[in-house]
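Beneath this line is the structure, given in structure tokens, with notes to follow.
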Amino acid sequence: MKKKIIYMSCMALSFVLVSCNDDFLEVYPRDTQTEATAFVTADNFETYAWGLYSIFGGYSDDTLSDDKNGGNLTGNTAGSETAWAMDRYKVPASGGDWDFSFIRRCNLMLDHIDGSQMSEEEKKHWRAVGLFFRSHRYFQLLQKFGDVPWVEHVLATDSEELYYPRDSRDLVASNILRDLKQAAADIREGGNGTNTVNTDVVNTFLSRFALFEGTWRKYHGLQDAETYLQAAADAAWAVINTGKYSVKPSYDALFNSEDLTGAASIILFRQYTAGENGHNYTRRIRTGELTFEATKDLVDSYLCSDGKPISTSPEFEDTPEDTGKDKYREYNRFRNRDRRLYLTICPPYNTATTGGSVTKPEFTADPRDNEYINMMNDAANASWTGTKQLPHTNFKGFVCHRQPNLLNTTDGRNTAWGKSNMGYFMWKYYNTTTPALTANSDNTTDAPIFRYEEVLLNYAEAMCELGKFDQTVADKTINLMRARPSCNVAVMNVTEIKSAGTDWDPALRDGGYYARAADPVLWEIRRERRVEFVGEGFAFRDIRRWKIADLVLNKRPQGAWIDREEYGGSTTIKLQDINGNDLPSTERYGYGAFFGEPVGWPEDGHYYLYPLPLDNLALNKALEQNPGWDKTGGTEE
């Protein structure tokens, strides 16, 4: 029977705790599972473990919000910029993800393994499953709060441990590492069937955790960074060395497939099924409900097809602001780029179509308007364009007349879908194959949870941080991804990058990035990670572990190059110059603007750790707030 990661409330078990001195008086309700009946056989443990898969969020707003917080995306409504850049993140009165209920669920399972009727092999396997899920939750807590209470067993309601102080980051991290190594050694190689937690899943997650912890320790001045970096490299290599996975040729298909079963690079995925569970990503992108758009900073980070950054590549066809003042400047900026850009941010185009309810677009006679329409629709490019075609349409099949499709226009050609304030429409999860007619979360494209591309990038980064990255490693990792038709970027030449030094990308040098870690090869690995995982929830975690949040977020978000006259000369369209200065409404050309200058990442750096909620500080006097956060309260914004 094919196993599916499907989350249903019936997977959650109810426990009735019965206490009595005389065993013969212990009568268990027949319609309710108890601890005495729920943890006996391997089937019992399997049933219980299905409920733990709920920790994998799949397609949710939290994922896109992490990219907004990490500088890749921004909101498109007033006040929706990241609170971390605007210095508006407050100590929460309650919540704030300071929650250990999932830890208790894992411990409940782990505490009953030894007393079960399972064989020793079954006990080892299900203990490994429990350790994996507990480690997953502890990693979420660790990367947010640092020190957290470490609890290995179910606590009674009157347990003194409930009121203990937090355990040190050193203890928590070392325990996670210990448990994941044990889980990797003991879990069944094939898990409990197709698309379940198995050896490769555990090692993939181990590489993710250990890379985070190793780099956090290195850049935040803590000890034992190398221990975790080596663990990350070893775990990633264990997956690579199986030879079971390869880079999926189609980048788009990773995020817009109805079934990821058997996909070459998928290690674990969340399966969405019609009539049982779904998401609303596709629906929101094909309506006016999408509340995120991309930034120029993200667009600029994509390499040119020759493998060089836009600051040095002769293939980058941008023109100086004083001579490139026409609407096609943005078309030039998209030319000869990493194709993942075209599959993540909708390329610019223009049609002759007007009116809102049009299913068959009219095209202009100007070939410049049609450059990316032809590229995305050419059957010869089907190996990489996937589900993307232009002009893109809403859920009813009505076309979006152009991109950028700005709000606040006066020429009557804007549509309510595919819109943005600054010009970069994020369409990574756009497709026309999954149902999107209703707002009932009925979209059924599957969501990757762990994929091989992350393993390759984890290995590359860990090896670079350990001083072991060379051309051989590049060819086994980065260059495998660049060879995809949906990337089409020249291979990374390690010697060439090292020879250029900080001249490899003057934009990074002048932006202060190289001062944080001078190795330009490392920054190219980080760049690869950034563009590969846009919109997948890695960005904020990454800029925090690298300790570069101020460099990323202390800049005003910019958008595409805009010709105001193309939108009816609307004076409500906001534009800025390259330095982030507002331009007057009489200025025809500029970069899209919406939000003002960020207040900035606090200089004392206390934002790198989240605050503990006030209610828990009040309940447990042994808890101490993370440094830099006052206790005056308020709620998150």
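Tabulated results
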item: Condition met for Leu171 (farther than 25 Å from Trp50 by Cβ, assigned by TED's automatic domain parsing to the domain that holds Asp147, surrounded by 24 or more Cβ atoms within 10 Å (Cβ to Cβ) and of a type outside the set (D, E, K, R)); result: no
item: Tyr59 within 27 Å of Lys123 (Cα to Cα), out of contact with any Gly (no Cβ under 8 Å at 6 or more places or on another chain) and surrounded by 15 or more Cβ atoms within 10 Å (Cβ to Cβ); result: no
item: Helices (runs of 4 or more DSSP H) wholly inside region 414-516 that include at least 1 residues being in contact with a Lys or Arg (Cβ under 8 Å, 6 or more places away or on another chain); result: 452-465, 513-516
item: Region 251-264: number of residues that are buried (at least 21 other Cβ atoms within 10 Å of the Cβ) and assigned to a loop (DSSP other than H, G, I, E, B); result: 5
item: Conditions (1) within 25 Å of Ser486 (Cβ to Cβ); (2) crowded, with 20+ Cβ neighbours inside 10 Å; number of the one not met by Asn414; result: (1)
item: Yes/no for Thr433 being surrounded by fewer than 24 Cβ atoms within 10 Å (Cβ to Cβ), over 26 Å from Trp546 (Cβ atoms) and either at pLDDT 95 or above or of a type in the set (S, T, N, Q) (or both); result: yes
item: Sole residue being in the same structural domain as Leu222 (by TED's automatic domain parsing) and touching a Lys or Arg at 6+ places or on another chain (Cβ under 7 Å), chosen from Gly115, Gly146, Gly130, Gly75; result: Gly146
item: Given (1) surrounded by 15 or more Cβ atoms within 10 Å (Cβ to Cβ); (2) touching a residue at least 24 places away in the same chain (Cβ under 8 Å); (3) assigned to a loop (DSSP other than H, G, I, E, B); (4) not aromatic (Phe, Trp, Tyr), index of the condition Asp306 fails; result: (1)
item: Which listed residue, of Gly221, Gly191, is at positive phi, in contact with a helix residue (DSSP H, G or I) (Cβ under 8 Å, 6 or more places away or on another chain), among the small types (Gly, Ala, Ser) and assigned by TED's automatic domain parsing to the domain that holds Arg451; result: Gly191
item: Region 191-227: number of residues that are of a type in the set (S, T, N, Q) and touching a strand residue (DSSP E or B) at 6+ places or on another chain (Cβ under 6 Å); result: 1
item: Pick from region 268-290, criterion in a loop (DSSP other than H, G, I, E, B), within 17 Å of Thr393 (Cβ to Cβ) and not polar (S, T, N, Q), ranking: modelled with the highest pLDDT; result: Arg286
item: Verdict on Asp158 being exposed (fewer than 15 other Cβ atoms within 10 Å of the Cβ), more than 28 Å from Trp546 (Cα to Cα) and either free of Cβ contacts under 8 Å to residues at least 40 places away in the same chain or in contact with a helix residue (DSSP H, G or I) (Cβ under 8 Å, 6 or more places away or on another chain) (or both); result: yes
item: Residues within region 188-207 that are surrounded by fewer than 20 Cβ atoms within 10 Å (Cβ to Cβ) and either within 12 Å of Ala236 (Cβ to Cβ) or of a type in the set (Ser, Thr, Tyr) (or both), tallied; result: 1
item: Residues of region 115-138 that turn out to be of a type in the set (A, V, I, L, M) and under 12 Å from Arg188 (Cβ atoms), as a count; result: 2
item: Unmet requirement for Ala238, which otherwise passes all of (1) surrounded by fewer than 18 Cβ atoms within 10 Å (Cβ to Cβ); (2) over 21 Å from the mean Cα position of the chain (by Cα); result: (1)
item: Options Leu457, Leu466; residue that is under 21 Å from the mean Cα position of the chain (by Cα) and either in the same structural domain as Gly243 (by TED's automatic domain parsing) or at pLDDT below 95 (or both); result: Leu457
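The values are calculated or read from the model by the stated rules, or taken from the named source; none is laboratory data. Not measured: the values here are computed from a predicted model. Note that each Cβ is placed from the backbone with ideal geometry, even for glycine, and that neighbours are counted across all protein chains shown.
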